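Following: one structure in structure tokens, then a few remarks.
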Amino acid sequence: MMKTSNWSFSRKLLTVNLAYLLPCALLIFFLTKEKNSQIEFSAKEVYGLEYSKVLVRLFMQTTQHRIFSESQSPELTARAKTLETSIEREFKELDAVDQTYGDTLLFTDTELNNRGRGTASVKSLKTQWQDLLQKRDSRDEAYAKLFVNLQTAIAHATDTSNLILDPDLDSYYMMDVVTGSLPKMIEIERDLFEKMSPKTSDDEKAKTLSVIELATVTKNLNDLLIRIGGSVQTTLSEDKGFYGTLSRVQNEVPGQLKQFESAQNRLVRLARDMELKAIEGEVISRSDAHVLVTVDTLDSLQIFYDQMSQALEELIDVRMAQHAQERWQALVLTLFVWLIPALLSVWTVKRLGSSFGSAVARLLSQAESAHQSSSQLAQASSVVSSGSTEQAAALQETGASMSEMASMIARTTDQASNSQQLASRVAQKAQEGEGVMEKLVISMDSIQQANSQLQNISNIINEISAKTNMINDIVGKTQLLSFNASIEAARAGQHGRGFAVVAEEVGNLAQTSGKAAKGIRDLIDDSQKQVAHILQLTLDRVQDGKKVTEQAQTIFNGITSDIHLISDQVESVSEAAREQQFGIEQISKAMLQMDQTTRSNNSAAQTAAQLSDQLSGQSRKLSFIAQSISGLVFGNRSAHPVDGGETSKEMVVSQDYSESDSRALVDKITGASSPVSRIEPSQVTADDPSFKKVS
């Protein structure tokens, strides 16, 4: 036997809603994980940018140091000494940055050696710089090695920090300027500075080659400048297509680019002037003015690099802020999506609990009324049975009296002389017969009163039938509500699956209630038919008995009159005796018919008593079914007997009573033979006033 759960309908529905929270939590987890991954990706770009800034400043200052150190001017040589102090500070800054971001950016000796970049470590770069300072002559090789390793370190920081994988078009082009084009421009400007002072030679071919090299480097510088301008313009154009337009970038970067291009174009013009002079055959040489122009150009490049680095960092910060905002928006939206069905479930549980509670209470009330009506029917049947027994006894006495009268009439025929005495006796017996007839009339009145009580019972059963019809209406409307809820849940798709299960369960409960109500209605219909039949039969027999009693009373009145006339008509005693003999025979037939009627009334009263007992038992079963429905809706812990008096003593609510037991009990009561009248969904809508009233 399937046992019902101790959980109520509301707890089951809330449990389903909590289970729905699990995929929501999983969705939140993956959304948060994805956004955190994007934020960590961008944060790593910032780490690489911070590391590259220091490396680019070192690359810039060591390049300037070489330019100043090759000059013969004491002033420029002094500036080279000043740069050495600045470079030492930058190496200390590089140590601090390496301690913070070195492991993340794989600047460890093991990782660098695995990539063939062991000479680009911070320790190796510092050693190379110290070795360069200790050399007084032939520093070209040391400078070249340091420059190559600085560029390698910049490339490593770019590769390991996700900068090269930047996903946004605006920040990608800015990244290309900061980590690729500007460091490359430092190298080109250094080469251009070297080409401005070609080696003296009488070989025309060597002179031509030096001019070509100078023109090539100048063209490379100009092309790179154009590329940088195009990349910056692309950044400005694409900025609005991602996380909104960054006002500072849009307002300040164009002016900064213009200043940078102006400074770089000055160096380009200087280099082209030297090209023209060399082509015209003039001897070109590098002066201190050329050195200062180159250094100023490098300074403007450093300023522009810092500005572009800051702009790139701001673009990345905006992206990180956007990802963080989207993460919280996804979290809040997911919780809100879960909160809607949760609140809807709570609201539905309250509404359904109230409706089911009210319906079960009304069902129990009707069961109690049916039990009381069956008790009254049993009492009325007992009264009818008692009256029928008394009527039978009176008829027996009447029969005995009629036998004695027949004997007296026979003796009167034989003993006319004693007619006077016999007449006195007959008069006395006739008076007793009148008393018996009066009792018979009273008994008939009692039967008629019992018939009125049966009519009251029929009226009560009619009221029960009306209440059952109301339950059928509620069941039909509940089924419609379940049907509509299933449709709405289907429209909701994935988010409505939990609610579709609830709608189906409500429909099943409504169908079970409908079957129980149908059984009650069929039982009440049978009871109405039987009571109506008993009422009609009793009414017919009472009318027949009343007619016979009136006839008997009339006859007895005639007998009394005849007895009073016996004294005056002794000579006609024989003829009167024969007439009386004939009358007695008729009375005997009437008494026999009355006896049969009384027996029928007694049998009908017993049948009514049995039916009242059956109705009482069925009302108790009805209460039992109501308790089962309450257990299904509110759980077994909530199911408790409501019936009082004898019903609460006789009815034991089983904790193992299930829905199948309810159906079996209903089928047993109703015989499962009469068709169930169903209410089609088209007959009842959610706008029906009676439906709203019940809800």
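At-a-glance table
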quantity	calculated
Rounded D (µm²/s) - the stretch 292-358, Kirkwood Rh over Cα pairs, Stokes-Einstein at 4 °C, 1.567 mPa s	76 µm²/s
Simple label model, 7 Å out from Cα along Cβ direction - Lys547 to Asp317, nm	11.5 nm
Å³ per residue enclosed by the Cα convex hull of the stretch 258-372	108 Å³
Share of carbon and sulfur in the accessible heavy-atom surface of the stretch 106-232 [1.4 Å probe, %]	50 percent
Extension gain, Gln250 back to Ser603 (0.36 nm per residue minus Cα-Cα distance, nm)	116.2 nm
Charge dipole (debye, nearest 20) of the stretch 12-156; +1 at Cβ of Lys and Arg, -1 at Cβ of Asp and Glu	260 debye
Area of Tyr101 that stays accessible when all protein chains are in place (1.4 Å probe, Å², to 10)	50 Å²
Net charge, Gln431 excluded, C-beta distance under 15 Å - Lys, Arg +1, Asp, Glu -1	-3
Under Karplus coefficients 6.51, -1.76 and 1.60, residue-wise ³J(HN,Hα) of the stretch 339-345 in Hz, glycine/proline x	5, 4, x, 5, 5, 5, 5
Rounded to the nearest 10 Å², the accessible area of His65 at probe 1.4 Å	0 Å²
Candidate lysines for bridging to Lys547, where Cα separation is under 21 Å - those fewer than 8 sequence places away on the same chain excluded	Lys439, Lys589
Which listed pairs, of Lys81/Lys219; Lys53/Lys123; Lys219/Lys277, have C-alpha distances above 23 Å, in listed order	Lys81/Lys219
For the stretch 426-497, average projected area of the Cα convex hull in nm²	6.1 nm²
Accessible heavy-atom area order of Ile284, Ile186, highest first, probe of 1.4 Å	Ile284, Ile186
Distance in nm between pseudo-label sites at Gln511 and Ser358 (7 Å out along the Cβ direction from Cα)	2.6 nm
The stretch 471-484 - phi-based ³J(HN,Hα) in whole Hz, Karplus 6.51/-1.76/1.60, Gly and Pro as x	4, 4, 4, 4, 4, x, 5, 5, 4, 5, 4, 4, 5, 5
The stretch 167-182 residues near the modelled Ser237 label - backbone nitrogen below 15 Å, point 7 Å along Cα→Cβ	169-174
Residues Asn113 and Glu75, FRET efficiency given R0 of 51 Å [Cβ-Cβ distance, rounded to 0.05]	0.75
Centroid-to-centroid separation of the stretch 503-531 and the stretch 15-41 [C-alpha atoms, Å]	48 Å
Carbon plus sulfur fraction of accessible area for the stretch 269-378, probe 1.4 Å, in percent	62 percent
Lysines with Cα under 20 Å of Lys529, excluding same-chain neighbours fewer than 8 positions away	Lys467, Lys518, Lys668
Equivalent-ellipsoid semi-axes of the stretch 181-275, from the Cα gyration tensor, Å, largest first	37, 11, 9
Exceeding the 27 Å Cα-Cα cut-off - candidates Lys12/Lys35; Lys35/Lys240; Lys126/Lys258	Lys12/Lys35; Lys126/Lys258
Dipole moment magnitude, nearest 20 debye, the stretch 228-336 about Cα centre, only Lys, Arg, Asp, Glu C-beta charged	240 debye
Volume in Å³ per residue [convex hull over Cα atoms, computed for the stretch 74-163]	101 Å³
Per principal axis, descending, Cα span of the stretch 1-113 in whole Å	108, 27, 15
Shape call, the stretch 480-612: gyration tensor on alpha carbons, a/c limit 1.5	prolate
Computed FRET value (nearest 0.05) for Leu339 with Ser452, which takes r as the C-beta separation and R₀ as 45 Å	0.10
From phi via Karplus (6.51, -1.76, 1.60), per-residue ³J(HN,Hα) for the stretch 611-619 in Hz, x at Gly/Pro	4, 5, 5, 4, 5, 5, x, 5, 5
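The values are calculated or read from the model by the stated rules, or taken from the named source; none is laboratory data. Everything quoted here is computed from the prediction, not taken from an experiment. Using ideal geometry, Cβ is built from the backbone for each residue, glycine included, and neighbour counts are taken over all protein chains shown. Accessible surface areas use protein heavy atoms only, side chains included; no ligands, DNA or RNA. Shrake-Rupley method; radii C 1.70, N 1.55, O 1.52, S 1.80 Å.
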